[in-house]
Amino acid sequence: MAEAIGQVLSLGLGVSLSPVPIIAVVLMLATPRARASGPAFVLGWIAGLVVVGALVLALASGAGAGDESDPATWVDVLKLALGALLLLIAARQWVKRPRDGAEAPLPAWMRTIDEFSPARSVALGSALSAVNPKNLLLTVGAAAAIAGSATSAGQEAVAFAVFVAVATLGPAAPVVVYFALGDRAERSLDSLKTFLSVHNAAIMAVLCLIIGAKLIGDGIAGLG
């Protein structure tokens with residue numbers, strides 16, 4: 001189990017440091033429904049990760065990913081494919097990054113975030129964790145790594161729970177700050193939003209590059 005947890009920590013961190021979801025949470029915390037919408041978003045985020053992970057673990061178990069002392073060959077091939085896709089995302093993000101300190105254009109739905117109900121916040125959190133390409137690739141990679149570690153079902157669940165906990169740190173942090181500091185949190189959260197808006201593409205590019213290279217390295221090592 002320790003090996004599985006070690007493999008997914010960096011992947012969880014890659015999901016956690018997702019600028020757009022963090023910006024979305026910060027914007028929610030500036031609305032009249034902040035006390036309900038912020039935690040609702042985090043719950044939706046966790047639910048999205050759990051659904052994707054459970055599906056991958058179930059499919060991997062059926063395909064015999066961890067039946068042997070070494071992972072099945074397809075697990076390492078999957079790591080190579082996911083790593084290559086992440087490198088493509090990194091290149092795309094780097095090319096389209098804003099220049100000269102300009103803020104990257106944010107999704108149109110962010111303009112209506114003050115109208116979000118808690119239910120819509122849950123749905124948004126789920127979508128950004130489970131459907132966002134970068135997060136989906138990392139979550140699939142984490143679940144595949146856990147499935148290939150030849151652990152029991154209970155140990156797989158614990159390892160994936162660790163991944164979810166790490167992957168939730170980023171979106172959950174503004175909510176914790178909001179409830180801990182109240183009105184005093186406004187300036188800090190606004191500064192965080194501005195920083196992430198400016199450096200969104202660069203952060204994504206670096207994260208995808210590092211984790212993509214790691215997955216490719218793990219895949220090559222496994223196949224070798």
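Tell me which residues, restricted to region 204-221, are among the β-branched types (Val, Ile, Thr) and buried (at least 18 other Cβ atoms within 10 Å of the Cβ).
The answer is Ile211, Ile216.
Looking only at region 1-36, count every residue that is assigned to a loop (DSSP other than H, G, I, E, B) and closer than 23 Å to Leu86 by Cα and tell me the total.
2
Test each condition in (1) surrounded by 20 or more Cβ atoms within 10 Å (Cβ to Cβ); (2) farther than 17 Å from Ala47 by Cα for Gly125 and report the one that comes out false.
The failed condition is (2).
Could you pull out the residue among Gly53, Gly66 that is at pLDDT 90 or above, in contact with a helix residue (DSSP H, G or I) (Cβ under 7 Å, 6 or more places away or on another chain) and not acidic (Asp, Glu)?
Exactly one residue qualifies, and that residue is Gly53.
Inside region 156-178, can you point out the residues that are more than 19 Å from Ser16 (Cβ to Cβ) and surrounded by fewer than 17 Cβ atoms within 10 Å (Cβ to Cβ)?
Ala157
So which residues in region 74-99 are among the aromatic types (Phe, Trp, Tyr) and crowded, with 18+ Cβ neighbours inside 10 Å?
Within region 74-99, no residue meets the criteria.
Restricting to helices (runs of 4 or more DSSP H) lying wholly in region 108-224: which have 1 or more residues that are within 20 Å of the chain's Cα centre (by Cα) and aromatic (Phe, Trp, Tyr)?
Answer list for region 108-224: 153-181, 185-223.
The values are calculated or read from the model by the stated rules, or taken from the named source; none is laboratory data. Everything numeric in this text was worked out from a predicted model, so none of it was measured. Cβ coordinates were reconstructed from backbone atoms using ideal geometry, including for glycine residues, and neighbour counts include every protein chain displayed.
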